[in-house]
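The values are calculated or read from the model by the stated rules, or taken from the named source; none is laboratory data. Note that the structure is a prediction, hence the values are computed from the model and not measured. Backbone-built Cβ (ideal geometry, glycine too); neighbour counts: all protein chains shown.
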Ligand code: HEM
Ligand code: HEM
Ligand SMILES: [Fe+2]
């Protein structure tokens with residue numbers, strides 16, 4: 001990173017813009033997207049702890065009545081999706097000016113859109129507390145709010161689209177915009193409620209699966225490519241070549257891979273084959289991405305100065321492989337999914353995949369952009385790295401504990417054929433372990449986030465680079 005000689009920045013907030021760090025003034029909108037995203041992530045974790053408590057202990061009915069599991073679970077998952085989407089949007093607003101080599105088309109629209117999304121989020125959370133929900137997991141928000149989301153998404157696509165149209169066109173921008181349009185279009189398929197439940201689930205998965213195993217992969221690949229080019233200095237052409245190959249593979253395997261959710265919902269039998277074969281192949285582009293990331297570093301052969309960004313980038317490559325690749329593969333074949341479907345094995349995979357692939361990817365981008373936005377070029381790396389390890393190892397611990405609970409559940413309920421509560425009694429200990437690791441996830445997250453928004457500029461001679 002270029003060095004500045006001034007020593008400033010400290011406390012929460014943006015520093016004075018340093019043009020060598022943040023070349024375009026409009027990139028600064030990203031700051032607020034990131035700050036809101038971090039706050040929502042913390043809230044998501046706090047609610048997650050309550051979910052773990054609900055499994056680990058027998059709670060008095062009077063408390064359950066106030067904080068029922070269904071309501072708090074909806075808050076936990078919706079907060080997750082909201083903060084990740086805000087992170088993607090902030091990341092997009094940060095990188096588009098540098099790629100397109102021009103200011104964002106409209107800064108007021110970018111802020112308006114942030115307000116629309118945050119407003120929807122608050123309305124949704126308050127609504128859940130009063131039972132205002134569609135009931136469909138992850139897509140619980142009522143149809144009225146869906147329309148606000150659509151308007152917000154249209155503003156976003158228009159704003160980014162116009163910037164790209166008027167500026168330099170790069171492969172990263174093409175891929176990013178393609179992924180964002182795909183993401184928005186898929187959301188619309190999840191809006192109507194179909195009376196036939198098989199049809200309803202069929203399209204529900206278009207949102208849930210095709211987001212995380214399709215559109216989001218494109219957005220992720222583009223953001224990661226941007227960061228890799230900046231941090232390693234590897235030739236754009238090399239990074240872009242892999243971007244094309246990976247994206248092609250993601251789409252090829254991920255689209256038909258949706259079939260791994262159609263095994264037991266009443267869809268035609270052919271999905272057992274299509275889903276099994278294609279979803280098993282989804283592991284290939286994920287492996288390609290990991291190999292590619294390490295290869296990029298080796299090819300360049302220089303010591304990477306931005307240690308924190310690099311730790312998070314490698315973390316997301318490996319986390320993606322473990323959570324989505326290994327844990328996904330483990331239960332994707334129909335012969336295994338027949339037993340594990342809808343159990344805590346699924347939840348274990350959900351945590352490791354979402355965290356490894358998307359939480360860490362977002363945090364990689366945040367760590368790239370936030371110090372620059374705050375005018376900090378050199379800062380202590382230790383708290384950020386400590387936060388990374390505490391958070392990541394704790395998520396792994398949580399995932400393994402949930403996985404063990406899931407295997408017990410599967411065995412007791414589906415092999416032995418015993419009752420739901422018989423299984424729950426055996427699982428309770430493992431949810432205490434989940435709760436234990438959950439506390440550490442929150443601690444690790446707080447350490448790294450606090451450092452991200454407050455890290456102070458260090459003097460040149462201190463020689464600890466970002
Ligand atoms: C980063 C990418 C991924 C994320 C974020 C993710 C997340 C999730 C989540 C949250 C669920 C639970 C949905 C629900 O029932 O409410 C799920 C289910 C599932 N995922 Fe993934 N996943 C990813 C990639 C993969 C991959 C690559 C595979 C296969 C190789 C896979 C295989 C499965 C299967 C088979 C299920 C259904 C489990 C069941 O029947 O209960 N996932 N995933
Ligand atoms: C304080 C840490 C956390 C705790 C204690 C926790 C706990 C839980 C619990 C108990 C559930 C309900 C599972 C069920 O329905 O039976 C859940 C759901 C979920 N959580 Fe967390 N969570 C935490 C952090 C996270 C993080 C960091 C992520 C992602 C980055 C995440 C993503 C999810 C997802 C996607 C689901 C839905 C899973 C599914 O559909 O199967 N959680 N969480
Ligand atoms: Fe899937």
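Brief remarks follow.
- Search result, residues across region 178-199 that are part of a helix (DSSP H, G or I) and within 14 Å of ligand 1 (Cβ to nearest atom): 179, 183
- Per the listing 326, 309, the residue uniquely surrounded by fewer than 17 Cβ atoms within 10 Å (Cβ to Cβ) and in a helix (DSSP H, G or I) is 326.
Residues checked against (1) over 25 Å from the mean Cα position of the chain (by Cα); (2) surrounded by 15 or more Cβ atoms within 10 Å (Cβ to Cβ):
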site	(1), (2)
18	yes, yes
31	no, yes
45	no, yes
51	no, yes
56	yes, yes
62	yes, no
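- Some residue of region 441-454 being within 15 Å of residue 57 (Cβ to Cβ), part of a helix (DSSP H, G or I) and either away from ligand 3 (no atom under 16 Å from the Cβ) or in contact (Cβ under 8 Å) with a residue 12 or more places away in the chain (or both): no
- Residue in region 212-229 that is more than 25 Å from residue 328 (Cβ to Cβ) and part of a helix (DSSP H, G or I) present: yes
- Residue match in region 260-275 (condition: out of contact with any strand residue (DSSP E or B) (no Cβ under 9 Å at 6 or more places or on another chain), within 16 Å of ligand 2 (Cβ to nearest atom) and closer than 22 Å to residue 387 by Cβ): no
- The listed residue being in contact (Cβ under 8 Å) with a residue 40 or more places away in the chain, at negative phi and within 13 Å of ligand 2 (Cβ to nearest atom), out of 118, 81, 29: 81
- Residue check, residue 350 within 15 Å of the chain's Cα centre (by Cα), surrounded by 16 or more Cβ atoms within 10 Å (Cβ to Cβ), near ligand 1 (Cβ under 8 Å from one of its atoms) and closer than 28 Å to residue 410 by Cα: yes
- Of the residues contained in region 410-423, none is found to be away from ligand 3 (no atom under 16 Å from the Cβ), under 14 Å from residue 319 (Cβ atoms) and surrounded by 17 or more Cβ atoms within 10 Å (Cβ to Cβ).
- So residue 245, is it surrounded by fewer than 18 Cβ atoms within 10 Å (Cβ to Cβ), assigned to a helix (DSSP H, G or I) and more than 12 Å from ligand 1 (Cβ to nearest atom): yes
- Counted residues, region 137-170 - those being outside any helix (DSSP H, G or I) and surrounded by fewer than 16 Cβ atoms within 10 Å (Cβ to Cβ): 4
Listed here are the residues, each with its yes/no results for (1) over 30 Å from residue 241 (Cα atoms); (2) at pLDDT below 95; (3) more than 20 Å from the chain's Cα centre (by Cα).
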residue: 119; (1), (2), (3): yes, no, yes
residue: 127; (1), (2), (3): yes, no, yes
residue: 134; (1), (2), (3): yes, yes, yes
residue: 137; (1), (2), (3): yes, yes, no
residue: 143; (1), (2), (3): yes, yes, yes
residue: 155; (1), (2), (3): yes, no, yes
residue: 158; (1), (2), (3): no, no, yes
residue: 166; (1), (2), (3): no, no, yes
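- Filtered by the rule that a residue be more than 20 Å from the chain's Cα centre (by Cα), touching a residue at least 40 places away in the same chain (Cβ under 8 Å) and assigned to a helix (DSSP H, G or I), region 258-278 gives 260, 261, 272, 275, 276.
- Any hit, region 339-353, residues being assigned to a helix (DSSP H, G or I) and more than 10 Å from ligand 2 (Cβ to nearest atom): yes
Residue-wise test of (1) over 21 Å from residue 364 (Cα atoms); (2) away from ligand 3 (no atom under 16 Å from the Cβ); (3) assigned to a helix (DSSP H, G or I).
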{"position": "91", "(1), (2), (3)": "no, yes, yes"}
{"position": "99", "(1), (2), (3)": "no, yes, yes"}
{"position": "110", "(1), (2), (3)": "yes, yes, yes"}
{"position": "119", "(1), (2), (3)": "yes, yes, yes"}
{"position": "125", "(1), (2), (3)": "yes, yes, yes"}
{"position": "131", "(1), (2), (3)": "yes, yes, no"}
{"position": "135", "(1), (2), (3)": "yes, yes, no"}
{"position": "172", "(1), (2), (3)": "no, yes, yes"}
